[in-house]
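What follows is a single structure, written as structure tokens, with notes after it.
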Amino acid sequence: MAAEATSRGLTPGHVYNGQRPLRYGPLPDRIRHRFPIFDQRVYINSCSQGALSDSVRDAYERYLADWDEKGAPWEYWVERQEAARASFAGLVNADPDEVAVTTSLSAGVSSLASGLRFARRSKVVLTDWEFPTIGQIWHAQEARGARVVHVPAAEDGTLPFAGFERAIDDDTLLVSITHVCYRNGAMVDVDKVVQLAHERGAYVLLDAFQSIGSLPVDVKELGVDFLGAGVLKYLLGSAGLGFLYCRRELVEKVWPTATGWFADRNIFEMDHSDYSPATTASRFQSGTPPVPAIYAGIAGMELMKEIGIAETREHVLELNSRLIEGLDELKARLVTPRKPKRRGALICVRSTDSHALVDALAREGIVTSERDGNLRISAHAYNSVEDVDAVLASLRRHRRLLASA
Ligand SMILES: Cc1ncc(COP(=O)(O)O)c(C=O)c1O
């Protein structure tokens with residue numbers, strides 16, 4: 001296999017455990033065998049968590065083996081943290097110095113929030129599409145002088161741009177937006193929001209948890225100032241690892257007070273006599289890094305890079321147009337925007353009893369999830385046309401649990 005890969009111009013590094021290279025042939029055929037869950041179920045729930053791959057399982061086993069064989073190899077584990085930072089930085093086109101390795105998206109955003117001052121500009125603008133953690137973190141800053149304003153969603157669930165025009169003003173310090181909404185799958189027009197925010201002197205934080213790994217995310221192209229994400233969904237990692245990107249020019253303007261020794265300028269100095277945060281985005285870190293999740297996260301991110309994120313996006317858009325067609329035939333009420341540019345990988349459909357619908361699908365071996373009365377169907381690189389057809393066939397059987405268009 002290695003010889004075959006090399007003769008095709010790939011390095012042997014592209015061959016996993018003697019298996020065939022992942023970059024050839026159509027999705028999902030060339031990768032599906034790496035995800036054992038498909039032997040048992042139709043897994044179409046990557047908005048909750050990515051499917052477990054053989055390489056992520058092996059990464060966890062490697063962590064245990066390293067612990068067994070080496071005892072407490074902290075220098076190596078700190079190096080693994082740097083590898084995770086570099087892997088994520090490569091993914092979003094940032095410099096590793098602009099990336100903090102955190103234990104969750106919330107941890108990174110909380111550290112950022114703790115470092116902002118609300119004296120000269122006091123307003124934080126967020127939207128009705130945010131994940132709870134974002135609303136909670138920014139409202140917590142009200143005790144520190146922040147004024148939090150929501151851009152409201154319209155009756156039909158959309159987020160009219162006029163709401164941003166009204167809310168963002170010369171008192172706005174930060175605009176906090178989610179890239180893809182976890183409740184309806186809609187994608188914000190980041191370019192437009194960034195342009196308006198910057199024109200009015202405000203920074204932009206993008207919560208990219210529901211987009212990263214499912215479509216190309218480039219911080220330079222998007223022009224965002226901060227970006228938070230985690231690896232357990234479309235990046236195929238597990239719980240316990242997140243990242244915060246901070247544009248280089250801003251790093252030293254933020255002085256986090258939620259901190260810890262892995263945020264220090266020199267963690268090996270073990271200096272407890274002062275607070276001297278790193279001059280890089282490491283200043284948004286806290287305590288001991290999540291070493292097991294780092295092993296898994298690196299494996300997941302590298303696997304997604306190898307599969308190809310741009311190709312995954314195209315593949316999932318095709319699956320989703322078939323899904324939407326089928327939902328239309330069922331006269332179901334689609335909650336996600338129809339325009340491909342305005343949605344992520346997640347498709348949401350209104351249910352009369354979303355818990356019962358998720359359970360009914362589960363009884364037929366199909367794993368989905370629900371939020372806010374909507375069924376969530378989220379395909380990824382490993383999902384097939386047959387998976388989509390299986391979902392549609394099951395929905396036809398349980399049509400009474402779908403709201404009508
Ligand atoms: C859009 C979005 N933001 C944030 C989170 C939560 O991130 P964390 O638990 O890492 O803080 C999630 C998790 O589902 C999410 O979907």
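Taking amide H as placed 1.01 Å from N in the peptide plane, the amide H of Thr158 sits under 5 Å from none that are at least 5 places away or on another chain.
Each listed q (0.19 Å⁻¹) maps to a log10 I(q)/I(0) for the range 309-367, found by the Debye formula over equal Cα scatterers with no solvent: -0.80.
In what sequence, highest mean first, do 198-206, 128-136, 397-405, 376-384 appear when ranked by Cβ atoms within 10 angstrom?
On the way: 198-206: 20.2, 128-136: 17.4, 397-405: 14.6, 376-384: 27.4.
So the peptides 198-206, 128-136, 397-405, 376-384, ranked by packing, come out 376-384, 198-206, 128-136, 397-405.
Neighbours of Gly135 by Cβ distance under 12 Å: Lys/Arg scored +1, Asp/Glu scored -1, total -4. Inter-part distance, the range 139-163 to the range 165-244, computed on C-alpha centroids, equals 15 Å.
Placing unit charges on the Cβ atoms of the charged side chains and taking the dipole of the chain about its Cα centre, the candidate lying farthest along the positive direction among Val188, Val349, Thr103 is Val349. Per-peptide packing, taken as the mean over residues of other Cβ atoms within 10 Å, places 261-269, 167-175 in the sequence 167-175, 261-269 from highest down. Comparing Val224, Leu317, Trp261 along the charge dipole axis of the chain, the residue lying farthest to the positive side is Leu317, per the Cβ-charge model. Modelled this way, with points 7 Å down the Cα-to-C-beta line, the labels at Ala140 and Ala65 are 3.9 nm from one another. Here the label points at Ala119 and Ala86, each 7 Å from Cα along the C-beta direction, are separated by 4.0 nm in the simple model. Couplings for the range 246-252, taken from phi via the Karplus curve 6.51 cos²θ - 1.76 cosθ + 1.60 with θ = phi - 60°, read 10, 3, 3, 5, 9, 3, 7 Hz in order; Gly and Pro are left as x.
Given axes a ≥ b ≥ c from the Cα gyration tensor, I'd like to know whether the range 100-206 is rounded (a/c under 1.5), prolate (a/b larger than b/c) or oblate. Judged from the Cα gyration tensor, the range 100-206 comes out oblate (a/c at least 1.5, b/c at or above a/b).
With the cut-off at 1.5 for a/c, could you classify the range 321-405 from its C-alpha gyration tensor as rounded, prolate or oblate?
Details: a/c = 1.40, a/b = 1.14, b/c = 1.23.
In terms of gyration-tensor shape, rounded.
How much net charge surrounds Ala258 when only the other residues with a Cβ under 13 Å from the Cβ of Ala258 are counted, with Lys and Arg +1 and Asp and Glu -1? In short, +2.
Would you work out if the chain is rounded, prolate or oblate? Take a ≥ b ≥ c from the square roots of the eigenvalues of the alpha-carbon gyration tensor; rounded if a/c is under 1.5, else prolate when a/b is larger than b/c, oblate otherwise. Oblate is the answer for the chain, as a/c is 1.5 or above yet b/c matches or exceeds a/b. Simple point charges give the picture: +1 on the Cβ of Lys and Arg, -1 on the Cβ of Asp and Glu, and for the chain a dipole about the Cα centre of about 1060 debye.
Take the Cβ-Cβ distance between Arg396 and Ala162 as r, set R0 to 45 Å, and report the resulting FRET efficiency rounded to the nearest 0.05. Before the final figure, lay out each step's value.
Numbers: r = 39 Å, r/R0 = 0.87.
Using R0 = 45 Å, I get an efficiency of 0.70.
For the range 125-148, the residues whose backbone nitrogen is under 20 Å from a point 7 Å from the Cα of Trp255, taken along Cα to Cβ, are 141-147. Sorting Thr336, Thr158 on solvent-accessible area from highest to lowest, probe radius 1.4 Å, gives Thr158, Thr336.
3J(HN,Hα) couplings calculated from phi for the range 210-227 with the Karplus curve 6.51 cos²θ - 1.76 cosθ + 1.60 (θ = phi - 60°) are, in sequence order, 8, 10, 4, x, 9, 7, x, 10, 10, 5, 6, 5, 6, x, 6, 8, 9, 8 Hz; Gly and Pro show x. Protection proxy ranking for 218-224, 143-149, using the average of other Cβ atoms within 10 Å per residue and placing the highest first: 218-224, 143-149.
Beyond 28 Å between alpha-carbons counts as too far, so tell me which of Lys192/Lys331; Lys305/Lys331; Lys233/Lys339; Lys123/Lys253 fall in that bin. Don't skip to the end; give the middle numbers.
Values: Lys192/Lys331 33 Å; Lys305/Lys331 37 Å; Lys233/Lys339 23 Å; Lys123/Lys253 17 Å.
Over 28 Å Cα-Cα: Lys192/Lys331; Lys305/Lys331.
Annotation: the antiparallel percentage among DSSP beta bridges lying fully within the chain is about 50.
The values are calculated or read from the model by the stated rules, or taken from the named source; none is laboratory data. Since we're looking at a predicted model, the values are computed, not measured. FYI the Cβ positions are ideal-geometry reconstructions off the backbone, even for glycines, and counts take in every protein chain you see. Remember, those area values only see protein heavy atoms, side chains included, never the ligands or the DNA or RNA. Shrake-Rupley method; radii C 1.70, N 1.55, O 1.52, S 1.80 Å.
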